[in-house]
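Asks: One structure, as structure tokens, below. Some questions next.
Derivation of every value follows stated rules applied to the coordinates shown; laboratory data play no part. If you're wondering where the values come from, they're calculated on a predicted model, not measured in any experiment. Quick reminder, even Gly has a Cβ in these numbers, built from the backbone with ideal geometry, and neighbours come from all protein chains shown.
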Ligand SMILES: NC(=O)c1ccc[n+]([C@@H]2O[C@H](COP(=O)([O-])OP(=O)(O)OC[C@H]3O[C@@H](n4cnc5c(N)ncnc54)[C@H](O)[C@@H]3O)[C@@H](O)[C@H]2O)c1
């Protein structure tokens, strides 16, 4: 039976543009009945990025350095846009106004004002589907955590921690790139790059911070400029946010710690979530991607149980139950959730992608963190 196809254009063929292409190329990996993505158009200012796509995707019909060609094409239905943060506002607004559906990237606007202007256009375009990428909830261990939280296995919440940590900047000889330049990456620094990944599950669970207190650090103040000299590196390397939240299930308040670090020794793209409660606790980290840990609190001694969970994610796949899951799988699962938005009658996916409204919350958290660090005070969000 032929399945509905959604023809995509990618704008921005860098690190993430290629992940998108690869996820589309092996769509047969998913055993799902949702619509199928077809890569129809590609766009980047840098023509050198076209080759890998042209070599691997005979379906491409539009290749361009001008994203307006993607927006004006009547053979493209939707756009995945993965460009530097300073371009989000202009490109996302133009994409939505063109009537193409949009899967955008975080932070979804370089700052809260840009995010607001994107939101205004979304509100005026109800027929356009708009979501933002965040793939870590689609790891099987994160799915298990979501199920565990929704089952309220924690009793009363004691503390929640969620983080996304990197260590590549520990190499002080690594040249500066756009993610370390305020004008292009934004004032949020590491939070703009990594923060939404730590907000997605907590926000979806209803754990919106009531207040934020932040510690931000700029540790690597200069970096090689790639031309033999040194350049000022003004962005925040590390951010620790101490939030106070309210559990909507019982009205009790609890602390939530959100960590985003570029200088975290030993961590390579390590995303984690830990939930501690009076009745039970659970933790998952991509550092140990097969394992889901949980404990039930009974009496004075508690012992962690480790379960090797295999590749069981939201959408079934051809992967055997004993095999492992990785980042590219999580990206494909994330895209699978987006494809469910195109189903007749709307999405039936149990964990839809980040909504535009959730990006607003994410910006409120990060903007409060900047203010908190500047003033040394806790900032209220209610
Ligand atoms: N979800 C994730 O896990 C994840 C990981 C990394 C980056 N990102 C996000 O993805 C986005 C892109 O990041 P990246 O790491 O892929 O960056 P990148 O630098 O690897 O790629 C960006 C690409 O955009 C192109 N570009 C710049 N201006 C353009 C324009 N006007 N028209 C067309 N193309 C243009 C560049 O030439 C480059 O190829 C950012 O928003 C970033 O925060 C998400």
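Asks: Quick one: order 301, 341 by neighbouring beta-carbon count within 10 Å, fewest to most.
Replies: 301, 341
Asks: So, one more: Calculate the FRET efficiency for residue 15 and residue 120 from the Cβ-Cβ distance with a Förster distance of 30 Å, rounded to the nearest 0.05.
Replies: Working from the Cβ atoms, E equals 0.55.
Asks: If you stretched the chain out fully between residue 230 and residue 278, how much longer would it get, using 0.36 nm times the residue separation minus the C-alpha to C-alpha distance?
Replies: 12.2 nm
Asks: A follow-up question, please. What residue among 57, 108, 331 shows peak mean-square fluctuation when the chain is described by a Gaussian network model with Cα springs under 10 Å?
Replies: It is 57.
Asks: Still on this structure, I have one more. What is the chain's relative contact order, in percent, from Cα pairs under 8 angstrom and six or more apart in sequence?
Replies: Over the chain, the number comes to 20 percent.
Asks: Most fluctuating residue of 124, 55, 193 in a GNM of the chain with Cα springs under 10 Å: which is it?
Replies: Judging by the Gaussian network model, the answer is 55.
Asks: Here is a follow-up. What's the extension gain from residue 377 to residue 187 if we count 0.36 nm per residue and subtract their Cα-Cα distance?
Replies: Extra length from residue 377 to residue 187 when fully extended: 66.5 nm.
Asks: Highest mean first, what order results for 136-143, 63-70, 171-178, 367-374 on Cβ atoms within 10 Å?
Replies: Top of the packing list down: 136-143, 367-374, 63-70, 171-178.
Asks: Using the 10 angstrom Cβ neighbour count as an exposure proxy, how do 293, 92 rank, fewest first?
Replies: Lowest to highest Cβ neighbour count: 293, 92.
Asks: Okay, moving on. Taking the beta-carbon count within 10 Å as an exposure proxy, list 53, 154 from fewest neighbours to most.
Replies: Result, fewest neighbours first: 53, 154.
Asks: So how far, in whole Å, is the C-alpha centre of region 1-62 from the one of region 337-382?
Replies: 26 Å
Asks: Could you grab the relative contact order for region 2-122? Cα pairs under 8 Å, six or more apart, rounded to a whole percent.
Replies: 26 percent
Asks: In the chain, what percentage of the DSSP-assigned beta bridges are antiparallel, given to the nearest 5?
Replies: Roughly 65 percent of the DSSP beta bridges within the chain come out antiparallel.
Asks: Right, next: Could you work out the helix-only [θ] at 222 nm for the chain, with each DSSP H run of four or more residues adding -39,500 (n - 2.57) and the total divided by the number of residues, to the nearest 500 deg cm²/dmol?
Replies: -8500 deg cm²/dmol
Asks: What full-extension length gain, to one decimal in nm, is calculated for residue 290 and residue 158 as 0.36 nm per residue of separation minus the Cα-Cα distance?
Replies: 45.0 nm
Asks: What distance in nm lies between label points placed 7 Å from Cα along the C-beta direction at residue 127 and residue 210?
Replies: 4.4 nm
Asks: Right, another one. Round to the nearest 0.05 the FRET efficiency obtained for residue 25 and residue 221 when R0 = 35 Å and r is the Cβ-Cβ distance.
Replies: Given R0 = 35 Å and the Cβ-Cβ separation, E is 0.25.
Asks: First measure r as the distance between the Cβ atoms of residue 322 and residue 269, then evaluate 1/(1 + (r/R0)^6) with R0 = 22 Å and state the FRET efficiency to the nearest 0.05.
Replies: Efficiency for this residue pair is about 0.40.
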